[in-house]
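K.L.:
Below is a structure I'd like to ask you about.
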Amino acid sequence: MTNTDNRCADICCIGHITLDRVITPRFTAHMPGGTAFYFAKALKNLEHDGFLLVTAVGESELGVVDELRLDGIDVVALPSKYSVFFENKYGENMNDRTQRVLAKADPFTPASLDSINARIFHLGTLLADDFSLEAIKALAAKGMVSADVQGYLRKVVGEEVVAVDYDLKREAMPYIGILKANEKEMEVLTGESDPRKAALVLAEWGCREVLLTLGDKGSLIYAEGNFIDIPALPPTDLVDATGCGDTYMAGYLYQRSRGASYYEAGLFAAAMCTIKLASKGPFSASAEDVESLIKGYSPAV
């Protein structure tokens, strides 16, 4: 499948499939990764109709694309000289991670995405140059843009990933309908360590739905002038945190696309993360498993 095909989807995730080396105190593993991979796998398990994955990979990752297609995931694979190669190293605290980038893939351009149409575009940014401001504007003209800010705050120096500010944040925010950031990212982006103050800043810049994930303290959503607090559901085990943010966004957008409230969508997303933390690799449970967990921790929901 190439970008010359005209495609239309309900939810379209755009991002690079990566080569990941994951190092934790309990294991070291090599596996495919990136927002594109974790998001697609999660939505596949939720059995969401109308999902399209757009990625750009080197020849080394074409086998992963074939596996995703065999798994029933609709994939548009754009050519790239290389695939992204990440090393993610975790300490005993799974909220702490250090990264190295050993290879980069080609960025997504307005021209390469011209034939892709969707109601919701989720941008799985991994590095600052994955999506230009022009690409964001072009997608916003066709549908709602959802973005994980993480990649815009990552600069590669040598092989090390260092935190930087997103210099076009004020220009980009009016075109981003839904933005996700974690605690560290929101502070780099806004200068505010208080989640409520950070959310207000992002909303003032033009973002309509702000999602701030706060690790074991839960998450905060700010939309339509209201703060919505989402609890963290305690996991049964802490095995692998890689892809948790992507899992959260998959669950959130899945529920929002089905008409769920902000709270319902956030709680569903949080429960997916709880399940994902307890196992290695992408989210592999079902929507029924997520609902069962929510009922167990929040009988009133």
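K.L.:
I want to confirm something. Restricting to region 143-177 and keeping residues that are open to solvent by less than 60 Å² (accessible area, probe 1.4 Å) and assigned to a loop (DSSP other than H, G, I, E, B), which single residue is modelled with the lowest pLDDT?
P.N.:
So the residue we want is V164.
K.L.:
Considering only region 121-164, how many residues are more than 13 Å from the chain's Cα centre (by Cα) and either among the aliphatic types (A, V, I, L, M) or within 23 Å of D74 (Cβ to Cβ) (or both)?
P.N.:
The initial filter retains those residues of region 121-164 that are more than 13 Å from the chain's Cα centre (by Cα), namely 128-144, 153-164.
So of that shortlist, the ones also either among the aliphatic types (A, V, I, L, M) or within 23 Å of D74 (Cβ to Cβ) (or both) come out as 128, 130-131, 133, 135-136, 138-144, 153, 156-157, 161-164.
Residues meeting the conditions: 20.
K.L.:
Give the number of residues within region 19-53 that are in contact with a helix residue (DSSP H, G or I) (Cβ under 8 Å, 6 or more places away or on another chain), over 19 Å from K276 (Cα atoms) and open to solvent by less than 10 Å² (accessible area, probe 1.4 Å).
P.N.:
Result for region 19-53: 1.
K.L.:
Of all residues in region 101-127, how many are assigned to a loop (DSSP other than H, G, I, E, B) and surrounded by fewer than 18 Cβ atoms within 10 Å (Cβ to Cβ)?
P.N.:
Number satisfying all stated conditions: 6.
K.L.:
Pick from A241, A250, A203: which is hydrophobic (A, V, I, L, M, F, W, C), closer than 27 Å to C12 by Cα, in a helix (DSSP H, G or I) and within 19 Å of the chain's Cα centre (by Cα)?
P.N.:
A250
K.L.:
What number of residues within region 257-272 satisfy the criterion of being crowded, with 20+ Cβ neighbours inside 10 Å and touching a residue at least 60 places away in the same chain (Cβ under 8 Å)?
P.N.:
1
K.L.:
Still on this model: Specify the residue that is nearest to the chain's Cα centre (by Cα); the eligible residues are those in region 228-238 that are under 24 Å from G206 (Cβ atoms) and surrounded by 15 or more Cβ atoms within 10 Å (Cβ to Cβ).
P.N.:
I230
K.L.:
Filtering region 57-100 down to residues that are among the hydroxyl-bearing types (S, T, Y) and within 24 Å of G245 (Cα to Cα), which residue is surrounded by the most Cβ atoms within 10 Å (Cβ to Cβ)?
P.N.:
Here the answer is S83.
K.L.:
Would you call R196 assigned to a strand (DSSP E or B) and open to solvent by 50 Å² or more (accessible area, probe 1.4 Å)?
P.N.:
no
The values are calculated or read from the model by the stated rules, or taken from the named source; none is laboratory data. All values derive from a computational prediction rather than experimental measurement. Here the Cβ is made from the backbone with ideal geometry for all residues, glycine too, and neighbour counts use every protein chain on show. Remember, those area values only see protein heavy atoms, side chains included, never the ligands or the DNA or RNA. Shrake-Rupley method; radii C 1.70, N 1.55, O 1.52, S 1.80 Å.
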